[in-house]
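*Asks:* Okay, here's the structure, questions in a sec.
The values are calculated or read from the model by the stated rules, or taken from the named source; none is laboratory data. These numbers were taken from a predicted model, which means no experiment stands behind them. Neighbour counts run over all protein chains shown; Cβ positions are idealised from the backbone, glycine included.
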Amino acid sequence: MRRTDARPLVLGCSAWAGAWLATSGEQTWWLGGALAAAVVGLVGLRVRRRLLVACAVLALGALLGGVVRVVGLASGEVAYLAREGAVVEIEAVLQGGPRVFLASGTRPQSWMSRAVVTRLSGRDGEWLAGTPVELSATGDDVQHWRRLAPGTTVRVAVRLGQAGPEDGLAALTRARGRPVLLAPPGGVDAAVEAVRSGLRRASDGLDPDARALVPALVVGDTSLMSPDLTARFKTTGLTHLTAVSGANLVLLMVFVRAAVVRLGVRGRLLTGVLAGTVLGFVTLCLAEPSVVRAAAMGMVGLAALGTSTRSRQGLRYLAVAVLALTLWDPWISRSLGFALSVTASAGLLWWAGPWTEAMAKWAPRWLAEATAVPLAAQLATQPIITAISGQVSVVGVLANALAGPLVGPATVLGFLAAGVSTLWLPLASVLAWAAGWCALGLCWIARLGATLPGATTPWPATGWAVLLVTGLCLAAGILAPRALAQRWIAAACALALVVALLRTPSPPGWPPPAWSIVSCDVGQGDATVIAAGPGEAIVVDAGPDPALLSRCLAQLGVARVPLVVLTHLHADHVSGLPTLVGRGVHQVVTSGVRTPASGEALVQQLVGEGVRHVTAQAGDRWTVGRASVQVLAAEPVGSDLQPAEGESSVENDASLLILVAVDGITVLLAGDTEDTGQERLMRLAGSVDVDVLLVPHHGSSRQYPDFLAATTPQVALISVGAKNDYGHPTAKTLKLVNSLTGNVIRTDQHGSIAVGIDQGRLVLTTQR
């Protein structure tokens, strides 16, 4: 068997490393990288190793080219004014697909888009520019901004903010008012927007999930996808389907090639048709850097097809693509999508072919390819996924294998619907309907996969732990051909995978044998479990995702939850309630503030299952087994608080103040109360000396120091999602809590946190 030549990838990765160092913005990294490249080059010349010399030249070239561009952005007039936080008036051309974020909690709705500043005036001066920035707007102005299509030229007053060197932008700009339209999109931009909006219109009559997914599959438009559907695609490793990827282009080009070949198109004309398809794909997807990356990766796959040395040639093409992309846009070296695309492509080129041949010895070839392709992509990308998510996806291979037959028809039919929509909308609607049925199948796979107990396994995201995963993946890649060539070994591996999916994964040592309280790792939200007896517990708040709460309860061995207490009804505290149906819930306790409506609806679903609904009042107390819950303070029914539409700080400050006692341990939970609410609670309840404090509102900056100081906790827990966009917990709050107790534990860093008692002393056990 001929060995695969990995040298081209080494060369590509050298340029990648140089571009990454250049976009760090750190001069010490620049100098260190240049010195390292020079040393490698000199060593290569000394020992006459052309590969080392080539690596050094490419790394140094990418580094110097990137530094020149980073310095150029940072030295312009826009960047200078941004460092001073100036308010100026700009004329800018909107670029790329805008992103809209709905209001959540105290955060207003917002709009964001890349733009190129063509003219800037302020500080008694006026400058012409061609500078990339990020333009954003919030609040009521969003409705005016979201109507604007890419390519529109606007004038608006903005406050400039400093961008990081890794952003590839001169500044971050916040609009101070509505846009003034100067020029509509040009002919090409207008045509692209007509096609994209036509696809959305053609999909209007579909099921909500299908209506959201079809535009995401075709052009990467995820604006209609719900947070729940997005989370389930992430859990099952199907997120790549909702982003513009090389796979989209490959599917489209395979269809176009087959269609035109049947019409007799050959030779240079065929090449021209395929080149036009690539250009149309990039244009339709708004020609963003991620789209260009996707097109390059797709071309790598196509270029390698049909050759006898597919992996060897493919790796060369991949290396050329990495080299070209990092030189064209050095900031792409820091893109997570780029890293996943490159590793997935390398995995497919390196492993998929041999694995398919091994399985084809005893299985149908279509089954061998359907198994080998997603397995190779999953194995190649798993170290990166683990590093950013702190988990290993078990269901990803199976989900991708099941999704494979549906992705092609959904994507191709969606592209056809988009193209036809500008000519005859009824026909486009029929095509979108057919694509929608395939999309519904993908949604069903994502929902089913996410509910499996063993869908994901927690794993530390530390350097050594990620290196261990990398080593295991490489070992699996080396051993896979031998294993897959034997049907009984392959069957045993498949059986082990099914068993892993059907059981709840628990890291070694988790849960501890004697736990009393567990703060579950449910992402950006709260869910606290209090042990009441064998297989029985009280749950305070239910987190944002039923699957995450279900996993935590299953790991703890909790089958019955007689009592559920909800501090308030925001989504990150109540959306996990559906998983408690069928777990023997007798009572659900809430505050007198029954908003937002979405949270109240989830409570009523429990009530519809025969659960008693109790409105808490100060002094209420419930005991289940060895655990008790006491309400220290509660907003009375009919209070003068006026909640706003959606979610607001009013509900936060109306959170119940709860004291939990179990096994001699006392815990204080205050939901999402902020500084004003904490001050009011302190007046109502006074000081409370506790062992454990769950820091209110996930460690937000809005804390009342006297309230926290009055609790005098031994341990402070913070339930918070990793890399959340709220900035929780803030450095200010961490400093404050650390001054009260030096023992601060966070779920984003340590996973679920268990508190127990051993010989009269608190014992903490973390999941990772």
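*Asks:* Of the residues that make up the range 113-125, is at least one out of contact with any Pro (no Cβ under 9 Å at 6 or more places or on another chain), of a type in the set (S, T, N, Q), part of a strand (DSSP E or B) and under 26 Å from residue 284 (Cβ atoms)?
*Replies:* Keep residues of the range 113-125 that are out of contact with any Pro (no Cβ under 9 Å at 6 or more places or on another chain), which gives 118-125.
In the following step, the residues that additionally are of a type in the set (S, T, N, Q) were identified as 118, 121.
Keeping just the survivors that are part of a strand (DSSP E or B) gives 118, 121.
Filter once more, so that each one left must be under 26 Å from residue 284 (Cβ atoms): 118.
Yes, the range 113-125 contains at least one residue that is out of contact with any Pro (no Cβ under 9 Å at 6 or more places or on another chain), of a type in the set (S, T, N, Q), part of a strand (DSSP E or B) and under 26 Å from residue 284 (Cβ atoms).
*Asks:* From 678, 767, which residue is modelled with pLDDT under 85, surrounded by 21 or more Cβ atoms within 10 Å (Cβ to Cβ) and either hydrophobic (A, V, I, L, M, F, W, C) or touching a Gly at 6+ places or on another chain (Cβ under 7 Å) (or both)? Spell out how you get there, then give the answer.
*Replies:* Values: 678 fails: either hydrophobic (A, V, I, L, M, F, W, C) or touching a Gly at 6+ places or on another chain (Cβ under 7 Å) (or both).
Unique residue meeting the criteria: 767.
*Asks:* Still on this structure, please answer the following. Restricting the search to the range 743-764, which residues are on the phi > 0 side of the Ramachandran plot and crowded, with 20+ Cβ neighbours inside 10 Å? Show your work before the answer.
*Replies:* Of the residues in the range 743-764, the ones on the phi > 0 side of the Ramachandran plot are 751, 759-760.
Correct list: 751 only.
*Asks:* Hey, another quick one. Which residue, of 31, 42, 58, is closer than 17 Å to residue 325 by Cβ and outside the structural domain of residue 112 (by TED's automatic domain parsing)? First the steps, then the outcome.
*Replies:* On the way: 31 fails: closer than 17 Å to residue 325 by Cβ; 42 fails: closer than 17 Å to residue 325 by Cβ.
Selected residue: 58, the only one of 31, 42, 58 that is closer than 17 Å to residue 325 by Cβ and outside the structural domain of residue 112 (by TED's automatic domain parsing).
*Asks:* Kindly provide the set of residues from the range 101-119 that are under 16 Å from residue 222 (Cβ atoms) and modelled with pLDDT under 75, ordered by number.
*Replies:* 101, 102
*Asks:* If you go through the range 96-110 one residue at a time, do you hit one that is polar (S, T, N, Q), out of contact with any strand residue (DSSP E or B) (no Cβ under 7 Å at 6 or more places or on another chain) and either free of Cβ contacts under 8 Å to residues at least 24 places away in the same chain or in the same structural domain as residue 672 (by TED's automatic domain parsing) (or both)?
*Replies:* In the first step, residues of the range 96-110 are kept if they are polar (S, T, N, Q); the result is 104, 106, 109-110.
If we keep only those that are out of contact with any strand residue (DSSP E or B) (no Cβ under 7 Å at 6 or more places or on another chain) too, we end up with 104, 106.
In the following step, the residues that additionally are either free of Cβ contacts under 8 Å to residues at least 24 places away in the same chain or in the same structural domain as residue 672 (by TED's automatic domain parsing) (or both) were identified as none.
Checked the range 96-110: no residue is polar (S, T, N, Q), out of contact with any strand residue (DSSP E or B) (no Cβ under 7 Å at 6 or more places or on another chain) and either free of Cβ contacts under 8 Å to residues at least 24 places away in the same chain or in the same structural domain as residue 672 (by TED's automatic domain parsing) (or both).
*Asks:* To continue, here is another question. Looking at the range 25-40 only, could you name the residues that are touching a residue at least 24 places away in the same chain (Cβ under 8 Å) and assigned to a helix (DSSP H, G or I)?
*Replies:* Residues satisfying the conditions are 30, 33, 34, 37.
*Asks:* Which one of these is modelled with pLDDT of 90 or more and not in a loop (DSSP other than H, G, I, E, B): 60, 45, 73, 51?
*Replies:* Details: 45 fails: modelled with pLDDT of 90 or more; 73 fails: modelled with pLDDT of 90 or more; 51 fails: modelled with pLDDT of 90 or more.
None of the others qualify; the one that does is 60.
*Asks:* Of the residues 91, 126, 84, which single one is in contact with a Lys or Arg (Cβ under 6 Å, 6 or more places away or on another chain) and not assigned by TED's automatic domain parsing to the domain that holds residue 544?
*Replies:* Numbers: 126 fails: in contact with a Lys or Arg (Cβ under 6 Å, 6 or more places away or on another chain); 84 fails: in contact with a Lys or Arg (Cβ under 6 Å, 6 or more places away or on another chain).
So the residue among 91, 126, 84 that is in contact with a Lys or Arg (Cβ under 6 Å, 6 or more places away or on another chain) and not assigned by TED's automatic domain parsing to the domain that holds residue 544 is 91.
*Asks:* Do we find that residue 377 is crowded, with 17+ Cβ neighbours inside 10 Å and either within 21 Å of residue 16 (Cα to Cα) or under 27 Å from the mean Cα position of the chain (by Cα) (or both) in this structure?
*Replies:* Working: crowded, with 17+ Cβ neighbours inside 10 Å: yes; either within 21 Å of residue 16 (Cα to Cα) or under 27 Å from the mean Cα position of the chain (by Cα) (or both): yes.
In short, yes.
*Asks:* Please find, among 740, 736, the residue that is farther than 17 Å from residue 524 by Cα, modelled with pLDDT under 85 and surrounded by fewer than 23 Cβ atoms within 10 Å (Cβ to Cβ). Please lay out each step first, then the result.
*Replies:* On the way: 736 fails: modelled with pLDDT under 85.
Every option except 740 fails the conditions.
*Asks:* Test residue 694 against the stated conditions and say whether it is in contact with a Ser or Thr (Cβ under 9 Å, 6 or more places away or on another chain) and at pLDDT 90 or above.
*Replies:* Taking the combined requirement at face value, the residue satisfies it.
*Asks:* Of the residues that sit in the range 369-411 and are polar (S, T, N, Q) and outside any helix (DSSP H, G or I), which one is farthest from residue 751 (Cα to Cα)?
*Replies:* 393
*Asks:* Name the residues in the range 313-326 that are more than 12 Å from residue 23 (Cα to Cα) and either touching a residue at least 60 places away in the same chain (Cβ under 8 Å) or surrounded by 24 or more Cβ atoms within 10 Å (Cβ to Cβ) (or both), would you?
*Replies:* Here is the first cut: in the range 313-326, the ones more than 12 Å from residue 23 (Cα to Cα) are 313-325.
314, 315, 316, 318, 319, 320, 321, 322, 323, 325 - these are the residues of the range 313-326 that are more than 12 Å from residue 23 (Cα to Cα) and either touching a residue at least 60 places away in the same chain (Cβ under 8 Å) or surrounded by 24 or more Cβ atoms within 10 Å (Cβ to Cβ) (or both).
*Asks:* Return yes or no: is residue 495 of a type outside the set (D, E, K, R), more than 24 Å from the chain's Cα centre (by Cα) and outside the structural domain of residue 622 (by TED's automatic domain parsing)? Break it down stepwise before answering.
*Replies:* Numbers: of a type outside the set (D, E, K, R): yes; more than 24 Å from the chain's Cα centre (by Cα): yes; outside the structural domain of residue 622 (by TED's automatic domain parsing): yes.
Here the answer is yes, as residue 495 does meet what is asked.
*Asks:* List every residue pair whose Cβ atoms sit under 6 Å apart, with the two residues 6 or more apart in sequence or on different chains, where the first one lies in the range 729-742 and is closer than 13 Å to residue 694 by Cα and the second, anywhere, is polar (S, T, N, Q) and surrounded by fewer than 16 Cβ atoms within 10 Å (Cβ to Cβ).
*Replies:* Correct list of pairs: empty, since none qualify.
*Asks:* Moving on to the next point. Take the residues of the range 412-438 that are of a type in the set (Val, Ile, Thr) and in a helix (DSSP H, G or I): which is nearest to residue 233 (Cα to Cα)?
*Replies:* Restricting attention to the range 412-438, the residues satisfying the condition of being of a type in the set (Val, Ile, Thr) are 412, 420, 422, 430.
Applying the additional criterion that residues be in a helix (DSSP H, G or I) yields 412, 420, 430.
Working: 412: 20, 420: 29, 430: 26 Å.
Among those that are of a type in the set (Val, Ile, Thr) and in a helix (DSSP H, G or I), it is 412.
*Asks:* How many residues are touching a helix residue (DSSP H, G or I) at 6+ places or on another chain (Cβ under 8 Å), modelled with pLDDT of 85 or more and of a type in the set (A, V, I, L, M, F, W, C) if we restrict to the range 173-203?
*Replies:* So the count comes out to 2.
*Asks:* Let me ask you something else. Residues in the range 135-189 that are among the charged types (D, E, K, R), assigned to a strand (DSSP E or B) and closer than 17 Å to residue 114 by Cβ: how many?
*Replies:* Narrowing the range 135-189 to residues among the charged types (D, E, K, R): 140-141, 146-147, 155, 159, 166-167, 174, 176, 178, 189.
When the remaining residues are screened for being assigned to a strand (DSSP E or B), the result is 155, 159, 174.
Imposing the further condition that a residue be closer than 17 Å to residue 114 by Cβ reduces the set to 174.
So the answer is 1.
*Asks:* Is it the case that some residue within the range 83-97 is assigned to a helix (DSSP H, G or I), over 30 Å from residue 221 (Cα atoms) and of a type outside the set (D, E, K, R)? Reasoning before the result, please.
*Replies:* We begin by selecting, within the range 83-97, every residue assigned to a helix (DSSP H, G or I); these are 83.
Then drop every residue that is not over 30 Å from residue 221 (Cα atoms), which leaves 83.
Okay, now just the ones that are also of a type outside the set (D, E, K, R), so none.
For the range 83-97, residues assigned to a helix (DSSP H, G or I), over 30 Å from residue 221 (Cα atoms) and of a type outside the set (D, E, K, R): absent.
*Asks:* While we're here: Filter the range 724-735 down to the residues that are assigned to a loop (DSSP other than H, G, I, E, B) and over 18 Å from the mean Cα position of the chain (by Cα) and list them by number. Step through it out loud before you land on a result.
*Replies:* Step one: of the range 724-735, the residues assigned to a loop (DSSP other than H, G, I, E, B) are 724-730.
Once the filter is applied, which keeps residues that are assigned to a loop (DSSP other than H, G, I, E, B) and over 18 Å from the mean Cα position of the chain (by Cα), the range 724-735 yields 729, 730.
*Asks:* Something else: May I ask you to say which residue of 625, 610, 592 is closer than 21 Å to residue 553 by Cα and assigned by TED's automatic domain parsing to the domain that holds residue 557? Walk me through how you get there before you give the answer.
*Replies:* Numbers: 610 fails: closer than 21 Å to residue 553 by Cα; 592 fails: closer than 21 Å to residue 553 by Cα.
Result: 625 is the single residue among 625, 610, 592 that is closer than 21 Å to residue 553 by Cα and assigned by TED's automatic domain parsing to the domain that holds residue 557.
*Asks:* How many residues are among the hydroxyl-bearing types (Ser, Thr, Tyr), crowded, with 20+ Cβ neighbours inside 10 Å and over 18 Å from residue 208 (Cα atoms) when one looks only at the range 408-435?
*Replies:* 1
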